Amino acid sequence: MANVLFTNVRIFDGTGASPYPGEVLIQGRRIARVARSTRALPTSGVVSIDGSGATLMPGLVEAHTHFSWNDQPTLNAIQRMPTEEHILWCAHIAKRYLDMGWTSCVGAATAKPRLDVVIRNAIESGQIPGPRYLAASQEITVPGGLGDETLPHLPYPEFSFGAIVNGPEEMRKTVRMFLKYGVDTVKLNLSGEYIAGIPAEFTPMTDEEIAVAVKEATVRGKRVSAHARSAEAVKQCVRHGIEIIYHASFADEEALDLLEARKDRHFVAPGLAWLINTSYHAAEWGIPPETAKAMGYHRELEIACQTLKTMHACGIRVLPGGDYGFAWIKHGTNAKDLEYFVKYLGFTPMEALLSATRLGGQIMLKGNELGQVKEGYLADLLLVDGDPLANITLLQDEKRLVAIMKDGEFHKDPRAGAARRVRLPAA
Ligand SMILES: [Zn+2]
């Protein structure tokens, strides 16, 4: 692999510093040098890329990814996809994330037991292109909880996207099965979800069941994540040390206090796109705004925005991404979350970008080597035509991603084809 020198770039380094002009040298998988001036680094023996003033920044990290959601309008449609088609779909989608600048993704549950693990392994072995990936289990749930799609006369677990357990011993058995398969995270469904006909504030899993899941995962050095919309579910996450909290819409004062006290331990990835677009942009698929409102989504969106603003103000780590893979929030459009963080949660564009980069490195368990443009860090980089701090929506436009590098190798090479048109950002 040739060493690469990016010259004439504006560096957004993910530390919180304002972008500065400079040069970045990549050697092997890592960033070897970051220079704060131009023509500072030797050009002999390297592939030199003139960025023409484009922004060089860390690759984006998606904190709440479901490769196996299949861009359809229902949960049912996910489950009915046969396994063979499903694994090909996941491979196709993994590439899509990389195409859109997401160089790392945290798996947040898979629809069939081994899809995530197989895809992660195929990416790591170089069999298929894809982001760095942390593979998840299926969503573990209890009868009547989110993910239990069985019917009284059709009691077949294959109909469910969740793995249904009853009591601590069944939990232990199921968690151990997923750990045997090689998951990085065990996912628990601690609250409901309106679209599944289960109130978001319903919290059906017992502390005994959760404790067993956390214990088994921890013994093998793995993490637990949770679908936790209700206040009680968020409190369960803090009580049991469930590091990754998805949604957290209805976290009340007590839940927020608990979370704030342990903010170095937890990550919150709310999946705002789901609430916004299910509320207002799903009419074409049979959910007009009045239906979404009747389900409870308008109220949840309003409360979630307040809750998340408070979390952000308290310094709780809130990360972008989440639940893309439905007809009205298709895979690959995930950078909308950065726009939503600014528009709905009052993040500055700088804060939104840091949540997708520096905090992303942390949720990937690589905070000291991923998510920043720093010497010694892994070379996961984007070269963006324009300034994402001036216009956060730039990152939604594939054409603006002039180069995409993961682990020191180009996924999108700026020297190839259309990508050659690098323009100087407007003064
Ligand atoms: Zn999810």
message = What does the extension gain come out to for K343 and H92, with contour length at 0.36 nm per residue minus their alpha carbon separation?
response = 87.3 nm
query = Using 0.36 nm per residue, how much length does the chain from S48 to K180 gain when fully extended, once their Cα-Cα distance is taken away?
reply = 43.0 nm
Under Karplus coefficients 6.51, -1.76 and 1.60, residue-wise ³J(HN,Hα) of segment 153-164 in Hz, glycine/proline x = 8, 10, x, 9, x, 4, 6, 9, 7, x, 9, 8
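Provide the gained length on full extension for the span T38 to T15, in nm with one decimal, where the gain is 0.36 nm per separating residue minus the Cα-Cα distance. Don't skip to the answer; put the middle values down first.
On the way: separation 23, 0.36 × 23 = 8.28 nm, distance 2.03 nm.
Working it through step by step, the gained length comes to 6.3 nm.
Leaving ligands, DNA and RNA out of it, report the carbon-plus-sulfur percent of the accessible area of the chain at a 1.4 Å probe.
On the way: 8460 of 16410 Å².
Carbon and sulfur together cover 52 percent of it.
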inquiry  = Over the chain, with the other protein chains present, what is the accessible area per residue in square angstrom, probe 1.4 angstrom?
reply    = 38 Å²
key: Between helix 83-99 and the chain: long-axis angle, C-alpha atoms, 0 to 90°, nearest 10   = 40 degrees
Nearest-0.05 FRET efficiency for A2 and Q127, computed from C-beta distance (R0 25 Å) = 0.60
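How big, on average over all directions, is the shadow cast by the Cα convex hull of the chain, in nm²?
On the way: hull surface 80.0 nm².
Over every viewing direction, the Cα hull of the chain projects on average to 20.0 nm².
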ask   = Given only helices, namely DSSP H runs of n ≥ 4 each adding -39500 (n - 2.57), what is the per-residue ellipticity at 222 nm of the chain, to the nearest 500 deg cm²/dmol?
value = -9500 deg cm²/dmol
task = Mind giving me the FRET efficiency for E398 and E208? R0 is 56 Å, r the Cβ-Cβ distance, nearest 0.05 is fine.
result = 0.75
query = At D257 and T291, where each label point lies 7 Å from the Cα along Cα→Cβ, what is the point-to-point distance in nanometres?
reply = 4.2 nm
task = Return the single residue from G130, G321, G386 with maximal mean-square fluctuation; model: Gaussian network over the chain, springs between Cα atoms under 10 Å.
result = G386
remark   = Computed over all unlike Cα pairs, the Kirkwood hydrodynamic radius of segment 1-139 in Å stands at 17.0 Å
key: Inter-part distance where segment 41-55 and segment 256-286 are each reduced to a Cα centre, Å   = 40 Å
task = Please give the net charge around R220, taking every other residue with its beta carbon less than 12 angstrom from that of R220, where Lys and Arg add +1 and Asp and Glu add -1.
result = +3
task = May I ask you to evaluate 6.51 cos²θ - 1.76 cosθ + 1.60, the Karplus curve with θ = phi - 60°, for each residue of segment 17-29 and list the ³J(HN,Hα) values in order in whole Hz, giving x for glycine and proline?
result = 6, 5, x, 9, x, x, 9, 9, 9, 10, 10, x, 8
message = Quick query: amide H of R317 versus all other amide H atoms, modeled in the peptide plane; which residues come in under 5 Å with a sequence gap of 5 or more or a different chain?
response = V268
request  = Report, by chain and number, residues whose modeled amide H sits under 5 Å from the one on Q72, excluding near sequence neighbours (fewer than 5 apart, same chain).
outcome  = A327
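The values are calculated or read from the model by the stated rules, or taken from the named source; none is laboratory data. Note that this is a predicted model, so its numbers are computed, not measured. Neighbour counts run over all protein chains shown; Cβ positions are idealised from the backbone, glycine included. The accessibility values were calculated without ligands, DNA or RNA, using every heavy atom of the protein model including side chains. Shrake-Rupley method; radii C 1.70, N 1.55, O 1.52, S 1.80 Å.
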